[in-house]
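Structure, as structure tokens:
The values are calculated or read from the model by the stated rules, or taken from the named source; none is laboratory data. Because the structure is predicted, anything quoted here is derived from the model rather than measured. Glycine gets a Cβ as well: all are built from the backbone with ideal geometry, and neighbour counts include every protein chain shown.
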């Protein structure tokens, strides 16, 4: 089993971590153009436990969420970049618009999102709480986002 998992490997890896009494942490997102904000939140997420699972929106999901010009990088490249980071243990590409199925398989002790969200507004919160996990919001790096980077590139002469 590598670090980029298919659906059956995802459940196996999560179950193996729990059998070893590891605290499982998860996060999810598009991670279209990796930047310092991503690196910091992934490191902070990993520091909350023993094993970090990252749910990655598929290309089709990113298009539905961000528009027809996204993603900039394809899902294979995005998954490989995430898997290369020391903070990330496993990456799983999901097709849905929310990570509910990913979270149902992983059953993390902690699910991390950026503080630009409210836990009460996330589709993930009731799912994570249903198996005893918690949603933790982490502060973002100001003015660092893929959307901001794309806009900056578009406005360059």
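At a glance:
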{"item": "Selected residue (only one of 46, 70, 78, 64 is modelled with pLDDT under 95 and either over 14 Å from the mean Cα position of the chain (by Cα) or buried (at least 19 other Cβ atoms within 10 Å of the Cβ) (or both))", "result": "70"}
{"item": "Hits in segment 102-133 - residues which are out of contact with any helix residue (DSSP H, G or I) (no Cβ under 7 Å at 6 or more places or on another chain) and assigned to a strand (DSSP E or B)", "result": "110, 113"}
{"item": "Within segment 9-37, tally of residues that are within 21 Å of residue 109 (Cα to Cα) and buried (at least 19 other Cβ atoms within 10 Å of the Cβ)", "result": "10"}
{"item": "Hits in segment 80-101 (condition: under 18 Å from residue 41 (Cα atoms) and assigned to a strand (DSSP E or B))", "result": "90, 91, 92"}
{"item": "Selection within segment 13-37 - under 23 Å from residue 95 (Cα atoms) and touching a strand residue (DSSP E or B) at 6+ places or on another chain (Cβ under 8 Å)", "result": "13, 14, 24, 25, 26, 27, 28, 29, 30, 31"}
{"item": "Which numbered condition residue 140 fails, given (1) over 30 Å from residue 19 (Cβ atoms); (2) modelled with pLDDT of 95 or more; (3) touching a strand residue (DSSP E or B) at 6+ places or on another chain (Cβ under 8 Å)", "result": "(2)"}
